[in-house]
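Read-outs: derived from the displayed coordinates by stated rules, not from any lab. Treat the numbers as computed from the prediction; the structure is a model and nothing was measured. Cβ placement follows ideal geometry from the backbone for every residue including glycine, while neighbour counts extend to all protein chains displayed.
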Amino acid sequence: MQNSARVAFLVYLPVKPQARERMRQMMFEVLEAMSSEPDFINTWAHEDLDDPDLIVNYETWACTREEFLARHLAKPYRQSLEAALPELLSGPRRLVFLKPLRGFAPQGQR
């Protein structure tokens, strides 16, 4: 039986200006590794146009919020980044979990 659970969320990462490149490098390594997870759907890494020190990631997973929090934040490929966050961030990381209301796509792609 296939799991139909799905969770989407935003991750806000306020990065110290002097740590911007190191944060990107470490984050991209984690994003690349997590893209191999069986319940991974997609992620998009963004930079705020008005504040280049704010990174915002949008992630979608084929699991519940509880499953994501219990299984994925402690993965070995995340350990280096998690340990470095106090040096890299200027404020707390914030996760905002989202409830889907309705999706829209261009005609012919639905």
*With Cα atoms, 0 to 90° folded angle of helix 20-34 axis to the chain main axis*: 30 degrees
*Each residue of the range 56-68 in turn: what ³J(HN,Hα) in whole Hz from Karplus with 6.51, -1.76, 1.60 and θ = phi - 60°, glycine and Pro shown as x?*
10, 9, 10, 10, 10, 10, 8, 6, 7, 4, 4, 5, 4
*asked:* Explain nothing, just the number: relative contact order of the chain, from Cα pairs under 8 Å at least 6 residues apart, as a whole percent.
replied: 44 percent
*Choose one answer from Arg22, Arg71, Arg93: the residue with the largest mean-square fluctuation in a GNM of the chain with alpha-carbon springs under 10 Å.*
Arg71
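Would you compute, from DSSP H runs of 4+ residues alone, the mean residue ellipticity of the chain at 222 nm, taking -39500 (n - 2.57) per run and dividing by the full residue count, rounded to the nearest 500? Write out the running numbers ahead of the final one.
On the way: 3 runs with 32 residues, N = 110.
Helices in the chain give a 222 nm mean residue ellipticity of -8500 deg cm²/dmol.
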*Kirkwood Rh, the chain, all Cα pairs: how many Å?*
15.2 Å
*Quick one: helix 79-88 against the long Cα principal axis of the chain, what's the angle to the nearest 10°, folded into 0 to 90?*
50 degrees
*Tally Lys and Arg at +1 and Asp and Glu at -1 over the other residues with C-beta under 10 Å from the C-beta of Glu87: what net charge comes out?*
+2
